[in-house]
Amino acid sequence: MVDNRHATALVIAGVLSVLASVYLSVSVGSPHWFRYRSPPVRAEPNASEMRALRDEFLDADFDEKSVSDALFRMNGTLGLWWRCVQTPTDAHWTREPEPKMGMECVSFTLSQQFTPKYKEPGNHNSGEDLIRTCLCSLATVCCFLAGMDLLHRVSVLPDHVDGALGWSLYLALITSPLHMMAAALLVWAARSHSQSYYRMTAYRVA
């Protein structure tokens, strides 16, 4: 017969495991691990530049320099498997003082996850940066943060552009202590139950 304490620990561990799994699934599937804030672009001369950045961003041929520039300039967000930028929803957005913006997202393919990163993004003659190539290829929280830090060291952010961690990353960070608490409860319940079982067996034998 299972002790009430053991049953309670098993239930709590199960709930924590389910919550952690749900949080991690939502986090991995969202593009909000890191986000950039850039000033709004309303001037007509910049319209063609923004269109060019958008087209290169949505292009099937992945180029780290083009993708990074679009993320920096267009309020981009980045996840483990997704990258997004904000684009005007109206074709004549340059005539509006405050155009409506929408999110356009592109998923990273498996081959793009292993695309070589260079010491100078966009310059293939600068040599491959093996550390960044390996870190961006491993879908883990710590490696993601390290990869973003290294990217910012070799990239020049435009003026008035800053970056911040997104809610998806914090959600992924929460899952780690939840998993550890669930594991600790399961280990405690298993050890306590086995000890109680051995005591009961010894008592019956005696």
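Summary table below
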quantity: Residue in the stretch 124-147 that is charged (D, E, K, R), in a helix (DSSP H, G or I) and modelled with pLDDT of 85 or more present; calculated: no
quantity: Residue in the stretch 163-177 that is modelled with pLDDT under 75, within 21 Å of PHE108 (Cβ to Cβ) and out of contact with any helix residue (DSSP H, G or I) (no Cβ under 6 Å at 6 or more places or on another chain) present; calculated: no
quantity: Qualifying residues in the stretch 75-114 (those that are among the polar types (S, T, N, Q) and in contact with a helix residue (DSSP H, G or I) (Cβ under 7 Å, 6 or more places away or on another chain)) - the one modelled with the highest pLDDT; calculated: THR87
quantity: Residue in the stretch 2-27 that is surrounded by the fewest Cβ atoms within 10 Å (Cβ to Cβ), counting only those that are over 28 Å from the mean Cα position of the chain (by Cα) and among the small types (Gly, Ala, Ser); calculated: ALA7
quantity: Residue match in the stretch 179-200 (condition: open to solvent by 80 Å² or more (accessible area, probe 1.4 Å), modelled with pLDDT of 80 or more, within 26 Å of LEU78 (Cβ to Cβ) and in contact with a helix residue (DSSP H, G or I) (Cβ under 9 Å, 6 or more places away or on another chain)); calculated: no
quantity: Pair list, Cβ under 6 Å, 6 or more apart: the stretch 170-189 residue under 24 Å from CYS143 (Cβ atoms), other residue open to solvent by less than 60 Å² (accessible area, probe 1.4 Å) and small (Gly, Ala, Ser); calculated: LEU171/SER27; ALA172/SER27; THR175/ALA20; LEU178/ALA20; HIS179/ALA20; ALA182/ALA13; ALA182/SER17
quantity: Top-ranked residue in the stretch 148-171 [being part of a strand (DSSP E or B) and open to solvent by less than 70 Å² (accessible area, probe 1.4 Å); ranked as nearest to VAL67 (Cα to Cα)]; calculated: GLY163
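The values are calculated or read from the model by the stated rules, or taken from the named source; none is laboratory data. What you are looking at is a predicted structure, and each value in this text was computed from that prediction instead of being measured. FYI the Cβ positions are ideal-geometry reconstructions off the backbone, even for glycines, and counts take in every protein chain you see. When the accessible area is computed, the model is the full protein with side chains, heavy atoms only, and any ligands, DNA or RNA have been set aside. Shrake-Rupley method; radii C 1.70, N 1.55, O 1.52, S 1.80 Å.
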